[in-house]
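The values are calculated or read from the model by the stated rules, or taken from the named source; none is laboratory data. Values in this document were obtained by computation on a predicted structure and should not be read as measured data. All Cβ positions, glycine included, derive from the backbone under ideal geometry; neighbour counts span all protein chains shown.
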Amino acid sequence: MARTATCRCGRLQLACEGEPVRVSVCHCLACQRRTGSAFGVQARFPRERVAFGEGPVSEYVRTADGGNRVTYRFCPPAAARSGTRSRTRRT
């Protein structure tokens, strides 16, 4: 089975082939901060079954609590939402 994903603006695309080797839910503080939720959901695929398209990619690298380096890839123009601003005045 082929799966495709895009960022919010559609410029960054990726494709995964086959079934994930692992699907998990994590509630560590880093995943909570990354998602803005109580947990993060992950579907993991072997690197050779994931292909990134031509869109812009930025990376954020951090060291996990267990010592592993974790690299997050994201589209710079559509980056993760950190807040919403409304220009509507309340009366």
Any idea how many residues of segment 1-30 are of a type in the set (D, E, K, R) and over 24 Å from Ala78 (Cα atoms)? 3
Here, strands (runs of 3 or more DSSP E) confined to segment 1-48 with at least 1 residues that are under 22 Å from Gly66 (Cα atoms) and at pLDDT 85 or above are 22-26, 40-44
Mind checking which residues of segment 55-78 are part of a loop (DSSP other than H, G, I, E, B) and either surrounded by 12 or more Cβ atoms within 10 Å (Cβ to Cβ) or small (Gly, Ala, Ser) (or both)? Gly55, Pro56, Val57, Ala64, Gly66, Gly67, Cys75, Pro76, Pro77, Ala78
Of the listed residues (Thr35, Thr4), the one being out of contact with any Ser or Thr (no Cβ under 8 Å at 6 or more places or on another chain) and loosely packed, with under 12 Cβ neighbours inside 10 Å is Thr4
Leading residue by the ranking (farthest from the chain's Cα centre (by Cα)) among those in segment 64-91 that are closer than 17 Å to Cys31 by Cβ and modelled with pLDDT under 50: Ser82
